[in-house]
Every structure is written in structure tokens, then in C-alpha cells.
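Working notes, structure below.
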Amino acid sequence: MATSNRTVRVLVVCADGAATSTVVSVRLREYFENKGLRAEVVQGRVVDAKTIVENSKFDLVVSTAGSNLGITNVPVLNGVPLLTGIGKDQFYTQLDSIIQQS
Amino acid sequence: MGSVFNIVIKAFGAAVLLPLIILVFELALGVKFSKALRSALYIGIGLNTLISILNPYFMGLVGKAVSDMITGAGVNLPYVDTGWSLLASLAYSTLIGALIIPIGIIVNLAMIFLHWTDTLDLDLWNFWHWAFVGSLVYYATNNLIYGLLSAIAMEMFLLVIGDATAPTMQKFFNLPGLAWPHASGQGGTLIALPVKWISDRIGLSKIQLNSQTIRNKLGLLGDASVIGFIIAVIIGLIAWGSKLSDLQVWGSLFALGIGTAAYIFMYPKATAALMEGFEPLTSRVTELLSKSGSQRGLNFGMDSALCIGHPDVITTGLLVMLTTVPLMFLLPGNRILILGDIGVTPFFLASAITAIMGGNIITSYIATTISVIVTLYFSSAVSTNFASLLTTIGIALPDTGSAVVGADTRPLHGLFWMLGKWTIGGIPLGLILAFVCIFAMLFFFRRNKKAWYRAFGYEEEQHEARTEVNV
């Protein structure tokens, strides 16, 4: 179980690193805040995702522009459910289990 | 009503007025006050950073070189694209922009109710595209109704196109339940159809290239900031090429390149603040509408940005981005330098096109390149009035000599701008034509959906979508 003094690091990527990744980041920050978890949410462009993850330690990656990013060492979640609201609950279930494992 | 609004917007400026409008909408829809206030502030931050800090910096930097290029070397490219955020800022700073969100939602709901569309567009932010075109028409014709009708025509057209492309795009991008009535992402769709039709017949569609190999070969050139640097240095070389013995000139040349790269790097950050401010409103509307929407089996309209991470779209976008650089300088009659959006426009245009082409890089490249050429011509045409329109609504611009801020106007924006302002003897011929075409599309699409899906690239026997989602 994640303890309160640990920070969860999430990389959120979208096509341009500005638009949809911002929406997902806002919703993730809200979620972590409600759970009482400390989290750092970093935004980036999908083309840079692999390099960013290789150069810095992240617990997971959330992408709104396809999850096939060539990343193997960190779990990658599809962030589209946070934009549409469909499948949002499954998304958070997966998120919770990733946080618990890390 | 229009003139009162113009006085108010001039007095307050977009960076103050748009936050207020959004605040009112959010409170009306029951968003918590503290959240609404914060979001309004973030919209103000985003607009202020774009309009008052980044844009003047960039125009000031590039303006001198572009001016020298025109007067010294006679290369007549006076309009400088500083990125789509300025267009969005303009769009939301007019009366049409203030009305577009409620009107856009009402038109969409009415079309759903009449069974004219199966798309519920939840991508509120991107209503700006319609407001942008509507505002251009409004100020060109001085007729608010024409402006509003242009915006509505564009929305209706995109909802139909969103429906027609949904099966193809859902399958190709592996994103079920969504549709993309996005003006830039669908910008090349009408161009893709004939290109696909011809390519299928001459066998071009059968030649497949590996997109990953192409991407690996591009290396450093795959970065928009690097391309921005290169374009700026080209401009500098044309402007000051005869004075290269002077060390000072070399300094200016590299300052220009690095400043441009910095701008392309920074402006998505300001946009992110704007998007963050918009989020509570989108979130609230999604909450209110999405449940009944999914009960009826509607597709949710989304930003085409969701499609741009696809490897084939990235590869097509990168190749077209590289092609755009010589095109800007060599295309006869072109007057615009695409700088801010050099890493944006080719990718958005490539999104629907690549899906329609089933991931074929060659045909996608051809259709996207044609779309960019159309964009360059529309941008050249729209930009003649763009700067004066910005001043009219109170966006101050630095004096940059012969260089003027331009508008990156993609194919559908340009099309509806032309239709909207086309009147003969007081009769809005273009608008009549637009609505006749939209209703004809609706009629024929409803009658034979399968044939339309196929024309837009849908293949039933096509095996599973190629993007894997490892969730």
C-alpha cells in the first residue's frame, strides 16, 4: 500500500503535450487529492514519452494518443476514458492496482 | 447588440472578458464557485501569456528579419503564422465566440433529436474553430446573422463528416465510441476522398511503406522546434545573406533561430493553462450529457489530438512538415510563413486522412500535402484582414514593419469563410449553397450509410485495428 509520504509520479502524454494531456492531468490530480495521495503529474508529448521515461523514474504513463509507445518497464494506461467518462471506473481500478504494486 | 459587445471587448480585452464569460457559464451549470473562479483565472493566464507576452515577443523577433527579407531580397512572404492559439483567442473574443458554446450545444442536441447525427460533441474547446470562421464572416460582411450561420453551417457539416468517418477512425485508432467532428483534423477529408479513389484505381494504395523505418531515418528533423530553427535561419539568410561578412549578422541569425525554437517550445505551455481553465466546463457538460448519450448509443465527439500519436499519422505528419518548408518559399502566390503551427497543422491534417487511407503512407502523404497547399493559399487570403481584425477587437500588436501577423487557415476553415462571406446583391449565395449541400449530404448519408462508410475508407473484412492498446 502506498504510504502518505511517498509521491506517485505519473507521466501524462498526448499529441502536442498541451491539450488533452492537460485535461487528463487535472482529473488525475483531483483523484489523487481526494485519495489523500501525494502525486506529481508531468505532461509531455507522445513522441517524447519513451525518452522521458528512460531518463527519469515514473510509476506509470497515461496516454491519450495510443498506448503503443514502445515502453516496457513502466505500465502504460489509456487515458481516453478520463476524457469521455466511459470506462472511467475501470481506469481508476487499474490505476489503484498499479499504485499499490509500485 | 454587436456594437455594444465591441465596445465592451475593446475596453476589457479578451484576457478579461473570456474568463468572465466562462465563469458565468460554469456557475449557471452548477460548477462550485471556487473551482469556477480558479478556472476563469487560468483562462486569463493562458490568454495573457499568449497575447501579451509570447506573441509580441515572437513577432518582434521575426518581424525584423521578415521585413528585411521583403524589402532587401524581394521575397514577398509578409504574413507570419504565430500559432493557432491566437486564432482561438480571437474567436472567443467576439460576440459569436461568446455565444458559440450554448449555440453549439443547442444545434448539436437538435440534430441528435431529429436523428440527423449520432455524434454528441463533447469537445467544447474546439467550438472555437466555428466561432473563428463565424467571426471572420461577421466582420467581413458586418452581418451578425451571416457570421452565426457560417459557424452553424460548419458545425453541422462537421457533425455529418464526423458520423461518416467514425467507423473508419474508430477501427483504425482503436477508439470505439468516439467520433471526430474536429475542424482541423477533418480539414483534409474532402481532399482524401478523390486521392483515395484515384490511388485505388491506379494501384498506388497497394504500395506499403514501413512508417517506423522512415521515422528512424528522420532523426533530429522530427522535432518541430528544430524545424522552426531551420526555417528561421533560412529567413535570416535570405534577409541578410549579402551582409554575412559582418559578425553581428551571424549573431542576429542564430538569435532568430533560437528565439523561434523557444517560441514553438513555449506556446503549448501557455495553451495548457488555457486548456486547464476550460476543463471544469467541459467536465461539467460531459457529466450532464454523456449518460443519456451512451444510452442512445451516440459517439462522443473528441479532439483529433487523440489520433496524432498513431505511428502512421506521426510519420505522415513529419514527412509533410518537412515538405511544407520548401513549399512556403517556392509556391507561387503564397504569402504566409507557417512558423508557430509548423509542428501542428501537418499532423492534424494527417489524422483523418491516414485513417481513410488505411495507414498507407504514400497516399496519406499526397493528400496531406495537397491539404497543406490549400492551407497556404487560404492563409494568404485570410491574412490580408486578420491583423486589422485583431486590432478591432483590442489585441495590440507590435509594429514590425512589412511583416504582419497571419492566420494559419486550414482547408475547411477557408472553405466556410469563403462561403460565408460570398453575397451577390445582398443575397448570401454562399450560405445558401452551404446549407443546400449539408442537407443533401444528410439526405444521402441517411439513405445509404454503408456506401458512405466505404467511401471514407471503411473495410469490413479489414482485420483487427493495428494499434495495440496494452491495457
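The values are calculated or read from the model by the stated rules, or taken from the named source; none is laboratory data. Bear in mind the structure is a predicted one, so any value in this text is a computation, not a measurement. All Cβ positions, even for glycine, are placed from backbone atoms using ideal geometry, and neighbour counts span all protein chains on display. Accessible surface areas use protein heavy atoms only, side chains included; no ligands, DNA or RNA. Shrake-Rupley method; radii C 1.70, N 1.55, O 1.52, S 1.80 Å.
General remarks:
- Within the range B:288-303, considering residues that are surrounded by fewer than 16 Cβ atoms within 10 Å (Cβ to Cβ) and modelled with pLDDT under 85, the one nearest to the other protein chains (Cβ to nearest Cβ): B:LYS291
- Any hit, the range B:389-398, residues being at pLDDT 85 or above, closer than 30 Å to B:THR71 by Cα and surrounded by 18 or more Cβ atoms within 10 Å (Cβ to Cβ): yes
- Considering only residues in the range B:384-424 that are closer than 21 Å to B:PHE435 by Cα and part of a loop (DSSP other than H, G, I, E, B), the one that is farthest from the chain's Cα centre (by Cα) turns out to be B:THR423.
- Of all residues in the range A:80-91, those that are outside any helix (DSSP H, G or I) and open to solvent by less than 30 Å² (accessible area, probe 1.4 Å) total 1.
- Taking the numbered list (1) in contact with an Asp or Glu (Cβ under 9 Å, 6 or more places away or on another chain); (2) at pLDDT 90 or above; (3) not charged (D, E, K, R) in turn, B:GLY401 passes all entries but (2).
- Residues satisfying the stated conditions in the range B:327-347, i.e. of a type outside the set (Gly, Ala, Ser) and touching a Phe, Trp or Tyr at 6+ places or on another chain (Cβ under 9 Å): B:LEU331, B:ASN334, B:ARG335, B:ILE336, B:LEU337, B:LEU339, B:ASP341, B:VAL344, B:THR345
- Hey, A:LEU77 more than 10 Å from the chain's Cα centre (by Cα) and open to solvent by less than 50 Å² (accessible area, probe 1.4 Å) or not: no
- Hits in the range A:23-74 - residues which are assigned to a loop (DSSP other than H, G, I, E, B) and within 11 Å of chain B (Cβ to nearest Cβ): A:THR64, A:ALA65, A:GLY66, A:SER67, A:ASN68, A:LEU69, A:GLY70, A:ILE71, A:THR72
- Cβ pairs under 8 Å, 6+ apart, first in the range B:196-216 and over 24 Å from B:TYR453 (Cβ atoms) and modelled with pLDDT under 90, second among the polar types (S, T, N, Q) and part of a helix (DSSP H, G or I): B:SER211/B:THR315; B:SER211/B:THR316; B:GLN212/B:THR315; B:ILE214/B:THR315; B:ARG215/B:THR315
- Where A:GLN94 falls short, out of the listed (1) at the interface with another protein chain (Cβ under 10 Å from one of its Cβ atoms); (2) in contact with a helix residue (DSSP H, G or I) (Cβ under 8 Å, 6 or more places away or on another chain); (3) open to solvent by 10 Å² or more (accessible area, probe 1.4 Å): (2)
- Summed over the range B:128-162, the residues that are in contact (Cβ under 8 Å) with a residue 60 or more places away in the chain, β-branched (Val, Ile, Thr) and either more than 26 Å from B:ILE112 (Cα to Cα) or out of contact with any Gly (no Cβ under 8 Å at 6 or more places or on another chain) (or both) give a count of 3.
Every residue, every condition in (1) more than 14 Å from every other protein chain (Cβ to nearest Cβ); (2) open to solvent by less than 10 Å² (accessible area, probe 1.4 Å); (3) under 21 Å from the mean Cα position of the chain (by Cα), yes or no:
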{"site": "B:ASP123", "(1), (2), (3)": "no, no, yes"}
{"site": "B:GLY134", "(1), (2), (3)": "yes, yes, yes"}
{"site": "B:ASN143", "(1), (2), (3)": "yes, no, no"}
{"site": "B:LEU148", "(1), (2), (3)": "yes, no, yes"}
{"site": "B:ALA151", "(1), (2), (3)": "yes, yes, yes"}
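- The set of residues from the range B:330-346 being without any contact (Cβ under 8 Å) to a residue 40 or more places away in the chain and within 14 Å of chain A (Cβ to nearest Cβ) comprises just one member, B:PRO346.
- Within the range B:369-383, residues that are in a helix (DSSP H, G or I) reach partners that are among the hydroxyl-bearing types (Ser, Thr, Tyr) and surrounded by fewer than 21 Cβ atoms within 10 Å (Cβ to Cβ) with beta carbons closer than 8 Å, at six or more positions or on different chains, in the pairs B:THR369/B:THR323; B:VAL372/B:THR323.
- If you go through the range A:1-20 and keep only what is under 22 Å from A:ASN73 (Cα atoms) and more than 8 Å from chain B (Cβ to nearest Cβ), you end up with A:MET1, A:ALA2, A:ARG6, A:THR7, A:VAL8, A:ARG9, A:VAL10, A:LEU11, A:VAL12.
- Filtered residue count, the range A:1-44, keeping only those that are of a type outside the set (Gly, Ala, Ser), under 18 Å from B:TYR267 (Cβ atoms) and either touching a Pro at 6+ places or on another chain (Cβ under 8 Å) or open to solvent by 70 Å² or more (accessible area, probe 1.4 Å) (or both): 1
- Residue pairs meeting the criteria (Cβ under 7 Å; at least 6 apart or on separate chains; first under 28 Å from B:THR71 (Cβ atoms) and modelled with pLDDT under 90, in the range B:219-239; second open to solvent by 10 Å² or more (accessible area, probe 1.4 Å) and of a type in the set (Val, Ile, Thr)): B:ILE227/B:VAL325; B:GLY228/B:ILE264
- No other residue among B:LEU376, B:LEU349, B:LEU327 is modelled with pLDDT of 95 or more, within 14 Å of chain A (Cβ to nearest Cβ) and within 24 Å of B:VAL62 (Cβ to Cβ) apart from B:LEU349.
- The requirement of being out of contact with any strand residue (DSSP E or B) (no Cβ under 7 Å at 6 or more places or on another chain), closer than 25 Å to A:GLY44 by Cα and more than 11 Å from every other protein chain (Cβ to nearest Cβ) is satisfied by B:VAL320.
- Members of the range B:319-340 found to be open to solvent by less than 10 Å² (accessible area, probe 1.4 Å) and farther than 20 Å from B:VAL75 by Cβ, listed by number: B:VAL320, B:MET321
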